[in-house]
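Q: One structure, as structure tokens, below. Some questions next.
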Amino acid sequence: MTLRVIAIDGPAASGKSSTAGLVARQLGWAHLDSGALYRALTLAAIDNLAEDVRRKGKEWPATQLIDLAERLPVRLVLIGDKFKPEVAGADVEEAIRGERVTRHVSVLAAIPEVRTWVNTQQRRAVEGRRGQEGFGGVVVDGRDIGTVVFPDAPLKIFLTATAHERARRRLFQRGQEVDLELVKQESEALAARDAADSSRRIAPLKAAQDAVMLDTTALTLEEQVTHVVELARQRFSR
Ligand code: DC
């Protein structure tokens, strides 16, 4: 049976999650934001292991991180049409968006054991959904969905936009004033995260060879969603 997955990858603040969520809704599919799982694991690590790591001046211990994620547990739970991140049974959707988590998440996401664990959770989530009534499919967004997690996804999209435009959107989303100096600062921060995500040895941010490249710099969110939905209707009509 065809894998009913749409993979949406791209750099930070390229609109992946908003696009994936809206595409999923229009198709009647579920949405899985893989970054949310990296963030939930990071939140759990900060709350439970950071003190020890700081005191001993050590790196994040891979085995303890995975034990912690299993024990608490850190997981994705399908609520309505969205997989929500939970830590020890609590919805952490808001807590994971804070500055504290954002500052540490790239480092944790570069640990091979963490990536293997997150990938397994994602594949299980999709498998579990496959058995459900009315299953349409899952739109998954991240950095390595089309290259590593679901390399057989029939539709892969790689979203791009200039760092300047991504910074502008991010500030607007946060309700902050969009002045030139702030845009410059934010665009430098985004470029630094892109560089960290693109240059890591394991599963770096890059487009799959068969991905559809979509530059959204001059598109509205509605336009990019419509474009992906049209591609999906063509690709999954068979
Ligand atoms: O998309 P985001 O900002 O929520 O992602 C958080 C971090 O997780 C970011 O540093 C990149 C990393 N990530 C990843 O390495 N692979 C994914 N599939 C998704 C996110």
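Q: Quick one: in the range 30-49, of everything that is closer than 17 Å to V5 by Cα and within 8 Å of the ligand (Cβ to nearest atom), which residue is surrounded by the most Cβ atoms within 10 Å (Cβ to Cβ)?
A: Selected residue: S34.
Q: If you don't mind, another one. Tell me the helices (runs of 4 or more DSSP H) entirely within the range 1-80 that contain at least 3 residues that are free of Cβ contacts under 8 Å to residues at least 24 places away in the same chain.
A: Those helices (runs of 4 or more DSSP H) span 50-56, 62-71.
Q: Oh, and also: Could we say that S199 is more than 30 Å from G28 (Cβ to Cβ), within 13 Å of the ligand (Cβ to nearest atom) and over 17 Å from the mean Cα position of the chain (by Cα) here?
A: So S199 fits the description; yes.
Q: With respect to the numbered conditions (1) of a type in the set (A, V, I, L, M, F, W, C); (2) away from the ligand (no atom under 13 Å from the Cβ); (3) within 30 Å of V23 (Cβ to Cβ), which one is the sole condition not fulfilled by W60?
A: Checking W60 against (1) of a type in the set (A, V, I, L, M, F, W, C); (2) away from the ligand (no atom under 13 Å from the Cβ); (3) within 30 Å of V23 (Cβ to Cβ), the one that fails is (3).
Q: Given the conditions (1) under 21 Å from I145 (Cβ atoms); (2) surrounded by 17 or more Cβ atoms within 10 Å (Cβ to Cβ); (3) away from the ligand (no atom under 14 Å from the Cβ); (4) modelled with pLDDT of 95 or more, and given that Q26 satisfies all but one, which numbered condition is not satisfied?
A: Among (1) under 21 Å from I145 (Cβ atoms); (2) surrounded by 17 or more Cβ atoms within 10 Å (Cβ to Cβ); (3) away from the ligand (no atom under 14 Å from the Cβ); (4) modelled with pLDDT of 95 or more, the lone unmet condition for Q26 is (2).
Q: I would also like to ask the following. Quick check on V74: is it within 29 Å of L171 (Cβ to Cβ) and surrounded by 15 or more Cβ atoms within 10 Å (Cβ to Cβ)?
A: Here the answer is no, as V74 does not meet what is asked.
Q: Further question: I'm checking my understanding of the structure. Among residues of the range 101-138 that are in a helix (DSSP H, G or I) and among the charged types (D, E, K, R), which one is farthest from the ligand (Cβ to nearest atom)?
A: Step by step, filter the range 101-138, then rank; the result is R130.
Q: Follow-up question, since we're still on this one. Would you confirm, using the coordinates I've provided, whether V149 is of a type in the set (A, V, I, L, M, F, W, C), within 14 Å of the chain's Cα centre (by Cα) and under 17 Å from R200 (Cα atoms)?
A: yes
The values are calculated or read from the model by the stated rules, or taken from the named source; none is laboratory data. What you are looking at is a predicted structure, and each value in this text was computed from that prediction instead of being measured. So basically every Cβ, Gly included, is an ideal-geometry build from the backbone, and we count neighbours across all protein chains shown.
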